[in-house]
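Engineer: What follows is a structure written as structure tokens; I'll ask about it next.
The values are calculated or read from the model by the stated rules, or taken from the named source; none is laboratory data. Predicted model, so just to flag it, every value in this text is computed and none were measured. Note: ideal-geometry Cβ built from the backbone for every residue, glycine included; neighbour counts use all protein chains shown. Side chains are part of the model used for accessible areas, which takes the heavy atoms of the whole protein and leaves out ligands, DNA and RNA. Shrake-Rupley method; radii C 1.70, N 1.55, O 1.52, S 1.80 Å.
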Amino acid sequence: MVSKVDHIGIAVVNIDETLSFYTGVLGLKLLGSETVADQKVKVAFLPLGDTEIELLESTDPEGPIAKFIEAKGQGIQHIAFRVDDIEKALAELKGKGVRLIDEKPRYGAGGAKIAFLHPKATNGVLVELCQR
Ligand code: ZN
């Protein structure tokens, strides 16, 4: 069903302050950034091999990333798996009784179609499906 790790989403308080570690220390390149108003988040893309690190900074104190940091601190927030057909994958998961946060795909950063599975269905990991 899934073909690769599309990206790893990391919640940070401030992207600009965090970038110096990823670019300056680890040597990753910043490909770009985008604000996804719908999810109250600013996303910075750092390709790494055939996957990507995504830094996520909240644009709103009530946004999901702000709440995540408030509860757990900065760190890995989700892991995204690539799928070829997200509608088909969601229907299949639903058929297998997997609890979903998103029954239908929504717009994700970089023009991807994304949907989240419920962490209760995945032993605590926030899993995102991502179709590009
Ligand atoms: Zn993501």
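Engineer: Give, as ranges by residue number, the residues of the range 76-110 whose backbone N falls under 20 Å from the point 7 Å along Cα→Cβ of Glu17.
Structural biologist: Counting backbone N atoms under 20 Å from the label point, the list is 76-77.
Engineer: Follow-up. Please give the helix 86-95 orientation as an angle from the longest Cα principal axis of the chain, in degrees from 0 to 90, rounded to the nearest 10.
Structural biologist: The angle comes out at about 50 degrees.
Engineer: Taking Cα pairs under 8 Å and at least six residues apart, what relative contact order does the range 2-131 come out at, in percent? Mind showing how you got there, number by number?
Structural biologist: Numbers: 254 pairs, mean separation 33.3, N = 130.
Over the range 2-131, the number comes to 26 percent.
Engineer: Related question: How much of the accessible area of the range 2-86, in percent, comes from carbon and sulfur atoms when a 1.4 Å probe is used?
Structural biologist: Details: 2490 of 4560 Å².
C and S fraction of accessible area: 55 percent.
Engineer: What's the center-to-center distance, using Cα atoms, between the range 19-88 and the range 96-120 in Å?
Structural biologist: Here the two parts' Cα centres lie 15 Å apart.
Engineer: Kirkwood Rh over Cα pairs of the range 10-132 into Stokes-Einstein at 37 °C, 0.692 mPa s: D in µm²/s?
Structural biologist: Working: Rh = 15.1 Å.
Estimated diffusion coefficient is 217 µm²/s.
Engineer: May I have the convex hull volume per residue, in Å³, for the Cα set of the range 64-127? Show your work: numbers first, answer last.
Structural biologist: Values: hull volume 6.1 nm³, N = 64.
Dividing the Cα hull volume of the range 64-127 by its residues yields 95 Å³.
Engineer: Further, regarding this structure: In deg cm²/dmol and to the nearest 500, what is the mean residue ellipticity at 222 nm of the chain if only DSSP H runs of at least 4 residues count, each as -39500 (n - 2.57), divided by the residue total? Each step should come with its number before you reach the end.
Structural biologist: Values: 3 runs with 24 residues, N = 132.
Result for the chain, helices only: -5000 deg cm²/dmol.
Engineer: Can I ask one more? Averaged per residue, what accessible area in Å² does the chain show with a 1.4 Å probe, protein chains only?
Structural biologist: Working: 7270 Å² over 132 residues.
Counting only protein heavy atoms, the per-residue value for the chain is 55 Å².
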